[in-house]
Amino acid sequence: MAHKDGSDPSEISTRAATISDSDSIAAIYNQGIEDRIATFETVPRTADAVRKWFDPVHPIVVAEHGQKIVAFAATFPYSNRECYSGIAEFSVYVERHMRGKGAGRAAMNLLIDECRKSGMWKLVSRVFVENRSSRSLLQSLGFREVGIYEKHAKLHGVWKDTVIVEYIIRENIA
């Protein structure tokens, strides 16, 4: 079914990211930095910095519209303690013109599946309280809002609160 703007979510495909996707991932992440709605980061990322995200344990996926990467979702180590080895922090970012058109959902669905296959049992993140679109997406995918970190960090001199979210991959809990 097409969206109001005529875009068709069935035209979005997903796949595991490769190191050669680093330029596109950095460009999308940098839009998130510029928009100031999804990250405390203020320094743009380079493709070289994104390449360092890739490891054999933490999945990174992309969503494509046509042949163009329009979203990504990535996991990162939660802790270096062995007892937390099955928990990953995650991020999801969508190119501006594709927000609200299913690319973030598609990327997150694949990310959850890849984490399930890898044996992870929990995904966690923090979302700006006012970022309603991300919060809605995550809730619709089964993420639970656990609580709020008050005054978690400053962005351009302003204290920001974040909502703590988690997703338990039940199949991987014995």
In deg cm²/dmol, rounded to the nearest 500, the helical mean residue ellipticity at 222 nm of the chain, built from -39500 (n - 2.57) for every DSSP H run of length 4 or more, is -7500 deg cm²/dmol
So, over other residues within a Cβ distance under 13 Å of V165, counting Lys, Arg +1 and Asp, Glu -1, the net charge is +1
Over all directions, the range 9-172 yields a Cα convex hull whose mean projected area in nm² is 9.4
Taking Cα pairs closer than 8 Å and at least 6 residues apart, the relative contact order of the chain in percent is 19
In Å³ per residue, the alpha-carbon convex hull of the range 124-167 encloses 55
Which of L110, L137, L155 fluctuates most in a GNM of the chain (C-alpha springs under 10 Å)? That residue is L155
Ordered by number, the GluC sites (Glu not before Pro) in the range 132-174 that occupy a DSSP loop and have at most 11 other Cβ atoms within 10 Å are none
Expressed in nanometres to one decimal, the distance between label points 7 Å along Cα→Cβ at D113 and R36 is 3.8
Quick note on W159, W53, ordering by fewest other C-beta atoms within 10 Å, gives W159, W53
Diffusion coefficient in µm²/s returned for the range 70-158 by Stokes-Einstein, Kirkwood Rh over C-alpha pairs, 20 °C and 1.002 mPa s, is 150
Whole-Å distance linking the alpha carbon centroid of the range 19-95 with that of the range 121-158 is 16
Ranked by GNM mean-square fluctuation in the chain (Cα springs under 10 Å), the top entry among I69, I87, I19 is I19
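Quick note: the coordinates plus some simple rules give every number you see, no bench work behind them. Computed from a predicted structure; not experimentally measured. Because the Cβ atoms are built from the backbone with ideal geometry, glycine has one as well, and the counts that use them run over all protein chains shown.
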